[in-house]
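What follows is a set of notes on a single structure, which appears directly below.
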Amino acid sequence: MKEILLMAVDLGTSFIKAGVYNTESQCIAIEMEPVKDYRPKPGVFIQKGEELLASVIACMKKVGEKIGDRKKNIAAISFTGQMSGFMGVDKDWNDITTWSCSLDSRYMPYAERQMKELKDEFLRVGGTNFPQMAPKVEWFRSEYPKESEKIAKYLMISGYVIGKLGDISTEDAVMDRSFTEWTGLADVQNDRWSDEICDAIHLDQKYLPRIVNSNHICAHLNKKMAAELGFTEGIPLVSGAGDKVAGCLGAGIVDYGDTIFEASSYGEVSTCVPEYRPDMEERRLDVLPSAIPGDFYATHFVAGSGITLDWFMNTFVKHEGITSKEMFAQMEEEMKNIPPGCDGLMAIGLLGGNSMPSDGALRGMWMGYDWSHSKAHFYKALIESFTYDFTLCMNSIERLYPEYTIDLVKIIGGGAKSPVWTQLSADIQNKKYTTINRDDVAMWGVSILAGNAIGVFGDLKETAKKFVSSKTIYTPDPENGKRYYKYMSLYKKYVTELHDFYKRIQDLANE
């Protein structure tokens with residue numbers, strides 16, 4: 001029987017990854033390629049489409065060369081990666097705007113105004129507390145009117161790459177359903193663009209791509225790109241899904257009530273649900289359309305949680321001769337004997353503000369420390385603060401979806417390597433936690449979608465569950481949970497009551 005291989009391409013902010021999988025979920029080869037960016041001044045983060053595409057091609061080419069003649073067995077290519085941002089292209093797929101991801105904050109004045117006018121609509125209809133494409137479209141249209149006139153379609157980065165690799169016109173450009181939520185422009189419950197929101201920001205929907213499912217064959221590898229890559233012309237290009245959603249599929253979070261904690265740069269909790277119920281009361285939840293048609297993930301993320309932990313290490317722990325791995329191992333060892341509440345030290349770790357509920361004024365803080373506290377106390381206090389934030393989100397999920405019991409949480413990402421953080425999460429939430437047998441869940445998730453699109457895999461849910469299993473189980477300690485709960489109640493108050501305090505500091509700094 002002829003070997004069937006599936007390629008996954010991860011369009012990250014700093015790196016492109018390309019991996020090749022067989023139908024037994026084994027990664028045959030993987031390569032990475034850096035992505036160039038420009039940061040000419042604070043708040044500006046630019047990535048040129050042509051340079052980004054060049055990194056994609058170089059990465060795909062390297063992994064193809066790595067597997068040699070077996071590359072002729074690549075049967076489909078699927079995509080994952082960044083889920084928020086925008087790009088405008090002309091009718092020939094030329095990049096007009098550059099790729100503007102969440103790190104490019106030039107649009108923020110427009111976001112703040114839109115949030116004042118459309119805050120409820122963004123959450124109720126668009127499924128988000130944190131729209132990206134809607135304000136970025138208005139920003140570019142207002143600040144760069146001549147360039148804006150050239151735009152034929154607004155896209156996500158995966159849509160641009162598929163268009164450049166494929167054999168389709170911009171009129172056939174697509175966006176898979178998993179990306180629609182953070183655009184702020186969609187009626188996510190019905191997988192269509194929202195007349196209400198598009199009309200409110202004066203956006204003609206002809207500029208928006210067609211919404212498709214995550215297993216949709218969008219195009220086929222064109223002759224020019226096939227020759228450059230050394231691949232077979234005509235390979236199906238499958239829409240795939242954003243990295244958060246692809247990760248949920250790859251980790252087997254596919255039955256209602258299944259929950260995952262991704263302890264990564266942008267830490268996130270997601271629970272699989274059958275419908276969207278907006279959290280109008282506390283605004284702690286967004287909704288991500290699932291790669292499974294008709295399903296969703298009630299989700300909450302903390303912007304830059306993992307980035308904050310890296311910042312702590314590089315600022316307070318790093319010294320000559322120590323590696324990143326050694327720094328985290330050192331803090332892990334020193335945290336082991338620190339009791340719940342860090343001997344009276346608390347933290348707010350929202351160094352980039354709060355996304356859910358939205359509060360751009362919040363920043364970081366440690367409080368309650370004295371001469372007895374060590375570096376490890378400060379580090380553990382940050383981890384506790386993030387876990388309080390995620391626990392408040394889980395409380396909202398259980399309030400809105402009482403018919404589903406969350407009794408087991410799968411943990412992935414860098415935080416899954418920390419037994420202290422994993423046990424702490426189990427204690428605070430009074431839920432079992434488990435690590436799983438793979439750390440490539442997003443890449444494997446879109447490989448499943450690629451295989452499903454060409455008929456290699458059948459039911460998406462059953463395929464996802466077949467190739468993932470639990471490893472270490474962490475059981476909650478109820479006594480520790482009671483102690484943490486008191487601190488979490490304070491945390492919930494502080495992130496609300498300290499808004500004016502943070503705002504006054506920022507006003508002084510900006511004078």
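The values are calculated or read from the model by the stated rules, or taken from the named source; none is laboratory data. Keep in mind that this is a model prediction, so the values were computed, not measured. Reconstructed Cβ throughout: ideal geometry from the backbone, glycine too, with neighbour counts over all protein chains shown. Just so you know, the surface numbers come from the protein's heavy atoms only, side chains and all, with ligands and any DNA or RNA stripped out. Shrake-Rupley method; radii C 1.70, N 1.55, O 1.52, S 1.80 Å.
Highlighted here are the strands (runs of 3 or more DSSP E) found entirely within segment 360-437 that include at least 1 residues which are polar (S, T, N, Q) and out of contact with any His (no Cβ under 7 Å at 6 or more places or on another chain): 432-436.
Within segment 225-251, restricting attention to residues that are over 17 Å from the mean Cα position of the chain (by Cα) and among the small types (Gly, Ala, Ser), the residue that is surrounded by the fewest Cβ atoms within 10 Å (Cβ to Cβ) is ALA227.
Whenever a residue of segment 200-222 is free of Cβ contacts under 8 Å to residues at least 40 places away in the same chain, its partners that are buried (at least 21 other Cβ atoms within 10 Å of the Cβ) and acidic (Asp, Glu), lying with C-beta atoms within less than 7 angstrom and at least six residues away or across chains, give the pairs VAL212/ASP176. Taken together, LYS486, LYS465 contain a single residue that is in contact with a Gly (Cβ under 8 Å, 6 or more places away or on another chain), within 30 Å of CYS27 (Cα to Cα) and in a helix (DSSP H, G or I), which is LYS465.
A single member of THR434, THR391 is hydroxyl-bearing (Ser, Thr, Tyr), open to solvent by less than 10 Å² (accessible area, probe 1.4 Å), free of Cβ contacts under 8 Å to residues at least 60 places away in the same chain and closer than 19 Å to PRO478 by Cα, and it is THR434. Only residues that are within 25 Å of ARG483 (Cβ to Cβ), part of a helix (DSSP H, G or I) and among the charged types (D, E, K, R) were counted in segment 308-343, giving 4. If you go through segment 85-120, how many residues are small (Gly, Ala, Ser) and either open to solvent by 20 Å² or more (accessible area, probe 1.4 Å) or part of a helix (DSSP H, G or I) (or both)? Selection size over segment 85-120: 3. For segment 182-200, the set of residues classified as aliphatic (A, V, I, L, M) and either under 23 Å from TRP93 (Cα atoms) or open to solvent by less than 10 Å² (accessible area, probe 1.4 Å) (or both) consists of LEU185, ALA186, VAL188, ILE197, listed by residue number.
Residues of segment 396-426 that are over 21 Å from the mean Cα position of the chain (by Cα), more than 21 Å from VAL317 (Cβ to Cβ) and not hydroxyl-bearing (Ser, Thr, Tyr): GLU398, ARG399, LEU400, PRO402, GLU403, ILE406, ASP407, LEU408, GLN423, ALA426. I'd like to check something: does segment 158-181 contain any residue that is open to solvent by less than 10 Å² (accessible area, probe 1.4 Å), of a type in the set (Lys, Arg) and closer than 29 Å to MET60 by Cα? Yes, because at least one residue in segment 158-181 is open to solvent by less than 10 Å² (accessible area, probe 1.4 Å), of a type in the set (Lys, Arg) and closer than 29 Å to MET60 by Cα.
I'm trying to understand the selection: among the residues of segment 336-362, which are polar (S, T, N, Q) and crowded, with 17+ Cβ neighbours inside 10 Å?
Residues satisfying the conditions are ASN354, SER355, SER358.
Does THR13 count as within 19 Å of TRP182 (Cβ to Cβ), in a strand (DSSP E or B) and among the polar types (S, T, N, Q)? Break it down into steps so the answer makes sense when it comes.
Working: within 19 Å of TRP182 (Cβ to Cβ): yes; in a strand (DSSP E or B): no; among the polar types (S, T, N, Q): yes.
Here the answer is no, as THR13 does not meet what is asked.
In segment 121-131, the residue that is surrounded by the fewest Cβ atoms within 10 Å (Cβ to Cβ) out of those that are under 20 Å from the mean Cα position of the chain (by Cα) and in a helix (DSSP H, G or I) is LEU123.
For ASP370, state whether it is out of contact with any helix residue (DSSP H, G or I) (no Cβ under 9 Å at 6 or more places or on another chain), without any contact (Cβ under 8 Å) to a residue 40 or more places away in the chain and loosely packed, with under 14 Cβ neighbours inside 10 Å. Show your work before the answer.
Working: out of contact with any helix residue (DSSP H, G or I) (no Cβ under 9 Å at 6 or more places or on another chain): no; without any contact (Cβ under 8 Å) to a residue 40 or more places away in the chain: yes; loosely packed, with under 14 Cβ neighbours inside 10 Å: yes.
Taking the combined requirement at face value, the residue does not satisfy it.
Taken over segment 414-426, the residue count meeting the criterion of being open to solvent by less than 10 Å² (accessible area, probe 1.4 Å) and not polar (S, T, N, Q) is 3. Looking across ASN222, ASN213, one residue alone is open to solvent by 10 Å² or more (accessible area, probe 1.4 Å) and either within 26 Å of CYS248 (Cα to Cα) or of a type in the set (Val, Ile, Thr) (or both). It is ASN213. Taking the residues in segment 344-359 that are out of contact with any Leu (no Cβ under 9 Å at 6 or more places or on another chain) and part of a strand (DSSP E or B) as candidates, determine which candidate is farthest from SER425 (Cα to Cα). Residue satisfying both the conditions and the ranking: SER358.
Screening GLY267 against (1) open to solvent by 10 Å² or more (accessible area, probe 1.4 Å); (2) at pLDDT below 95 leaves a single unmet condition, (1). The residue that is most open to solvent (accessible area, probe 1.4 Å), counting only those in segment 293-335 that are among the polar types (S, T, N, Q) and more than 17 Å from SER374 (Cβ to Cβ), is ASN314. Sub-7 Å Cβ pairs linking a first residue in segment 23-49 that is within 13 Å of MET443 (Cα to Cα) to a second residue that is assigned to a strand (DSSP E or B) and of a type in the set (Ser, Thr, Tyr), at least 6 apart or interchain, are CYS27/TYR21; ILE28/TYR21, ordered by first then second residue.
Quick check on VAL446: is it in contact (Cβ under 8 Å) with a residue 40 or more places away in the chain, out of contact with any Asp or Glu (no Cβ under 9 Å at 6 or more places or on another chain) and not basic (Lys, Arg)? No, not satisfied. Residue pairs whose Cβ atoms lie under 6 Å apart, sitting 6 or more positions apart in sequence or on different chains, and linking a residue in segment 494-511 that is assigned to a helix (DSSP H, G or I) to a partner that is among the hydrophobic types (A, V, I, L, M, F, W, C), are HIS499/ALA361; TYR502/ALA361; TYR502/LEU362; LYS503/ALA361.
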